[in-house]
Amino acid sequence: QVQLVESGGGLAQAGGSLKLSCAASGSIFSINSMGWYRQAPGKQRDLVAVITTGGSVNYADSVKGRFTISRDNAKNTVYLQMNSLKPEDTAVYYCNADVVRTYAYILYNYWGQGTQVTVSS
């Protein structure tokens, strides 16, 4: 059993900042990539940012220069620092992780429950 729990969502004004956290817990041997996705009302769930175990990062074009993804491997936690927020960033943000649960390389994918981010104008 593995759980991903997000926190840090809420309401912000345009131009403001929020920091999201996602902590993985349970039967975990190691975690490969971790990422953030978002889904706005009536729209598809899309990648926001992803970070590998080695620290390589990839961002959606819409958030480059404004959002920063990072991770703390000792805490099995990934963060998303969101600056210069825009109303278009309003969405439910979901944490995602590829988890190795045994000493054999067996990879499982997990999703968090999501956290609402609302940006007002």
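The values are calculated or read from the model by the stated rules, or taken from the named source; none is laboratory data. Every value quoted in this text rests on a predicted model; they were computed, and no experiment measured them. Note: ideal-geometry Cβ built from the backbone for every residue, glycine included; neighbour counts use all protein chains shown. Ligands, DNA and RNA are stripped out before the accessible areas are found, and what is left, the full protein with its side chains, is counted by its heavy atoms. Shrake-Rupley method; radii C 1.70, N 1.55, O 1.52, S 1.80 Å.
When the residues Arg101, Arg66 are ordered by accessible surface, computed with a 1.4 Å probe over the protein chains alone, the sequence from largest down reads Arg101, Arg66. Quick one: accessible area per residue over the range 78-117, 1.4 Å probe, rounded to a whole number of Å²? Per-residue value: 48 Å². Share of carbon and sulfur in the accessible area of the chain stands at 49%, probe radius 1.4 Å.
Of the chymotrypsin sites (Phe, Trp or Tyr not before Pro) found in the range 1-103, the ones in coil according to DSSP and having at most 11 other Cβ atoms within 10 Å of their Cβ are Tyr103.
Counting Lys and Arg as +1 and Asp and Glu as -1 over every other residue whose Cβ lies under 10 Å from the Cβ of Asp89, the net charge comes to +2. Working note: Karplus 6.51/-1.76/1.60 with θ = phi - 60° gives the range 73-82 the couplings 5, 5, 9, 6, 10, 10, 10, 9, 8, 10 Hz, where Gly and Pro are set to x.
Net charge dipole, the range 17-121: roughly 80 debye, given to the nearest 20, about the Cα centre with Cβ charges of +1 for Lys and Arg and -1 for Asp and Glu. For the set Glu6, Glu88, solvent exposure ranked by accessible area (probe 1.4 Å, protein chains only) runs largest to smallest as Glu88, Glu6.
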